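So the structure is just underneath, and the comments pick up after that.
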2 protein chains.
Amino acid sequence: MGTLAVVGGGAIGQGVAWRAAEAGWSVTLFDPAPGSGASWVAGGMLAPLSEGWPGEDRVLEFGAAALARWPEFAARLQAATGVDVLVAAETLTVALDAADAADLRTIADWVGGRALATAVDHDLRVLDRAGVRALEPALARTVRAGLLAAAEPAIDNRRLLDGLRKAGAEAGVRLRSEAVAHLDDLDFDQIVLAAGAASARLLPGLPVRPVKGEILRLRHRPGATPVPHRVIRARVHGRAVYLVPRGDGLVVGATQYEAGFDTTVTVGGVRDLIADAEAILPGIAEYELSEASAGSRPGTPDNLPLIGRHTDRIVVATGHGRNGMLTTPLTVDAVLGELAGTPLPAARSADPRRFSTPAAPAVPSSPGGIR
Amino acid sequence: MGTLAVVGGGAIGQGVAWRAAEAGWSVTLFDPAPGSGASWVAGGMLAPLSEGWPGEDRVLEFGAAALARWPEFAARLQAATGVDVLVAAETLTVALDAADAADLRTIADWVGGRALATAVDHDLRVLDRAGVRALEPALARTVRAGLLAAAEPAIDNRRLLDGLRKAGAEAGVRLRSEAVAHLDDLDFDQIVLAAGAASARLLPGLPVRPVKGEILRLRHRPGATPVPHRVIRARVHGRAVYLVPRGDGLVVGATQYEAGFDTTVTVGGVRDLIADAEAILPGIAEYELSEASAGSRPGTPDNLPLIGRHTDRIVVATGHGRNGMLTTPLTVDAVLGELAGTPLPAARSADPRRFSTPAAPAVPSSPGGIR
C-alpha cells in the first residue's frame, strides 16, 4: 500500500477511490467537477444479455461478468452509506415489426445457448403481444413481441454518484477539485486514469474517443400514464431507444453521434428521442420534460473497455462506451486487483495493450439499432 | 405626487415603477422574484397588424396604438440605460396551404383598409412564393405565400427586463422582494396592481385567468441554417407558431392551454413546438435546444387588457394575454395618466370596469390558428 492518485471523478473513478481507500491506500481523487460528466448524464440500464448478438462472444462474456458483480457491489454501497441504487429489476425489449421480432428470437436463442463462465441467469423469455401487454399494459398497441430479461436490473446513476461520494469521504478519500494537466505532475506511488473520453488527452495514443449521447429526463404528472415497472428497450425507425424507470418518472436515451467533444443538446436529438419514446409509450406526451442533457461516452474500437496496467505506475480504467454503469463494479475489482498485483481473469479481454499486439481478433459489431 | 406601491415586477410593473419614479412619485415595487414570470418567458413579437382579423376592430386599434408607442419607449429606455431592446424590424407571416394563403389576403385587405386613429404603417404586403424566398431563403419550400408587415419589429424581452430594472434603480425605485398578501396591507397613497395572471388573487372578481404557454429558446450552431432576419409566423397543423430572432438564435413559441397555474414544460408541448418550427424552418434540427420554459399569460374574456382605475387608491394593469410586451409602453402611459388624473383616450377600450356595465359589446374572437 502507498499513495494513490485517481484521475477522474465519474462513477468508476469514485468507485476505485472508495474501495482503494478501504483497502488501505492513501487516496487522492482529482476532478475539477466530480460526477458531472457521462456518469451524471447516463440512464443506468444494465442490459448485457438483451444486447447480446451472435458473434459477440467476448462482449457478452464481459458484460455478464460485470452484471454478476452488481448485487454485491450495490449491497456493499448500501451497507456503507444507506444509499439504495436499484430502480428496476427486469429489462423488457420490445419489437414493433416482424424483423425486430425475429431479432428478439435470435438473441434469446444465442444468449440462452451460450456456456457462460459467469453464473448469471441468461435464459431470456420471448413474449407474444399478449405476454408483453400483461407485463406492461401502457405500452403502444403496435408492440408485437417482447424479450424479458429477468436478471437485468437498472440503477439510478445519480444516486450511485451520491453514494460513492459519501462512501469515499467516509473511507478517507481526499478530493482535489482541479484538472490534471500531465500525469507526470502527480507525485504518487500509483495512478489510476479514469478520465473517460478525456483520457487520451493525458495518455496520447490511448484508443479512446468521445461518442456523444443525448438523453431526456421526464417527470410523471398526475393523471398521466403510469411509469413502466421495467426498463423498456426498442428500435424505432432504426434508432435504439430505452426508457429507464425512476421513482418519479423516466430517463429516455440515447442518441449516438461521432461529434468530438460536444455536449450540446440539439433540437434534432430531442425531437428524435421524444418521437421514439412516444412510439413505445404513447402516454408520455403528458409527462414533464424536466431535463435534456448530453455527455461524451468513452468509445473504443472494439466495444470493450480499456482496463489494466499501462506502466509500472499507471493503471487505466476507461473506454466503457455505453456501459460505464454496467461495468463499474467489475472495473473497480479489476483495478484493485492490478494495484494488488493480482489481475482479475474476468477483465483480461479489456487489457488496454490488446491493440498494440497482433494477438486479439477484433470483435465484430452488432447489426446496430437495438443495441 | 406621493407614495406609490407597484405590485408585480414583470415588464409592465417595472415600466410603471420606472416612469412613475421619474415623474416624481416615491415608488416601491413588490415582487418576490422580479422579472421571472410571463415577461421572462415571452418571445417579444410585436405583431398587432399581422394578427388583425375582420370584426376585431377594437383589438386592432388598441394594438396599433400600442405599437406606435414602442419607438419612443425604446429610445427613452436606451437613453436612460444604454440597453437596446430591438432584435428585428419586420414580421413575415407565411402560409403553407391555400386556405392560409387566402387568410393572408383577407388580413392584408382588412387591416390595410381600416382608418386607424393611430398613425402607423398598416399597409401589409402580400408576397408570392418567390417573394418570400427572396426575403428569407432558409424557409421551407412548402411555404407558398407571405404577408410582410414592415412596421412590426420584435424586442428581446429579457434585455427589456434588464433595462427596466436598471432604469428603475437609477430613478430611485425601491425593490421589496416579497409577496403581497392583501392590498389593504399596503400603506401607500396609490397602488398599481400589475401582478399578471395572479392579479385576481389580490382583487377577487377581476376577470383575469392564467393561460399557460410553453416556449423554446434555440441557439445557432456553426454550420447550421442562418437565423432569419424577420419574425416568422405561421399556422402548422392548425397551431400557431412563431420564430423570433435573437442575436445568437431563435425563440420558438408558443403553446396555449387553459391549465390553471401550471408552468410545467410538457413532453407534448416541446414535441409540437419543434415539429411546427421545423415545418417552417427545416434547418433548426441542428440548433441547440438551450431552454424550454412555460409561463402563465393573464387572459381576459375579450382579448383586451384591464388597464385603469379600480378605486380611488387602486389602478389595475393586467390581462395583457399574449400581448404583454406589445402593450407595455401604452400601458405605462395609461397608468401614468390615471395617476395624474388624466386618463389616456387610447386606453379607454381596456377600462377594467367594462364587464360590470352593459355598455361595451363583446369583441368576437378570431377563427384561431394564425393568431
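The values are calculated or read from the model by the stated rules, or taken from the named source; none is laboratory data. It should be emphasised that the depicted structure is a prediction, and the values quoted were computed from it without experimental measurement. With ideal geometry, Cβ positions are generated from the backbone for all residues, glycine too; neighbour counts draw on all protein chains shown. Please note that ligands, DNA and RNA were not included when accessible areas were found on the heavy atoms of the full protein model with its side chains. Shrake-Rupley method; radii C 1.70, N 1.55, O 1.52, S 1.80 Å.
Summary table below
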{"item": "Cβ-Cβ under 8 Å pairs, at least 6 apart or on other chains, the range B:187-216 side free of Cβ contacts under 8 Å to residues at least 24 places away in the same chain and of a type in the set (Lys, Arg), far side buried (at least 19 other Cβ atoms within 10 Å of the Cβ) and not in a helix (DSSP H, G or I)", "result": "B:Arg201/B:Ala195"}
{"item": "Qualifying position, being closer than 29 Å to A:Thr264 by Cα and either crowded, with 24+ Cβ neighbours inside 10 Å or not aromatic (Phe, Trp, Tyr) (or both), among A:Pro48, A:Pro54, A:Pro71", "result": "A:Pro48"}
{"item": "Pairs, first at the interface with another protein chain (Cβ under 8 Å from one of its Cβ atoms) and free of Cβ contacts under 8 Å to residues at least 24 places away in the same chain in the range B:268-290, second open to solvent by 10 Å² or more (accessible area, probe 1.4 Å) and not basic (Lys, Arg), C-beta under 6 Å, six or more apart", "result": "B:Gly268/A:Ala285"}
{"item": "Residue within the range A:304-322 that is open to solvent by less than 30 Å² (accessible area, probe 1.4 Å), of a type outside the set (Phe, Trp, Tyr), away from chain B (no Cβ under 14 Å) and farther than 17 Å from A:Ser349 by Cβ present", "result": "yes"}
{"item": "Test: residue in the range A:243-263 that is crowded, with 17+ Cβ neighbours inside 10 Å, without any contact (Cβ under 8 Å) to a residue 24 or more places away in the chain and not in a strand (DSSP E or B)", "result": "no"}
{"item": "Hits in the range A:312-347 (condition: more than 16 Å from A:Val6 (Cβ to Cβ) and either free of Cβ contacts under 8 Å to residues at least 24 places away in the same chain or aromatic (Phe, Trp, Tyr) (or both))", "result": "A:Asp312, A:Gly341, A:Thr342, A:Leu344, A:Pro345"}
{"item": "Residue selected from the range A:222-242 under the condition under 18 Å from B:Thr266 (Cα atoms) and buried (at least 16 other Cβ atoms within 10 Å of the Cβ), by the criterion farthest from the other protein chains (Cβ to nearest Cβ)", "result": "A:Val227"}
{"item": "Check on B:Thr118, touching a helix residue (DSSP H, G or I) at 6+ places or on another chain (Cβ under 7 Å) and assigned to a loop (DSSP other than H, G, I, E, B)", "result": "yes"}
{"item": "Candidate set: the range B:291-303, residues that are over 15 Å from the mean Cα position of the chain (by Cα) and either over 23 Å from B:Leu161 (Cβ atoms) or open to solvent by less than 10 Å² (accessible area, probe 1.4 Å) (or both); chosen: the one farthest from the other protein chains (Cβ to nearest Cβ)", "result": "B:Asp302"}
{"item": "Residue check, A:Gly341 of a type outside the set (Val, Ile, Thr) and either open to solvent by less than 30 Å² (accessible area, probe 1.4 Å) or touching a Gly at 6+ places or on another chain (Cβ under 7 Å) (or both)", "result": "no"}
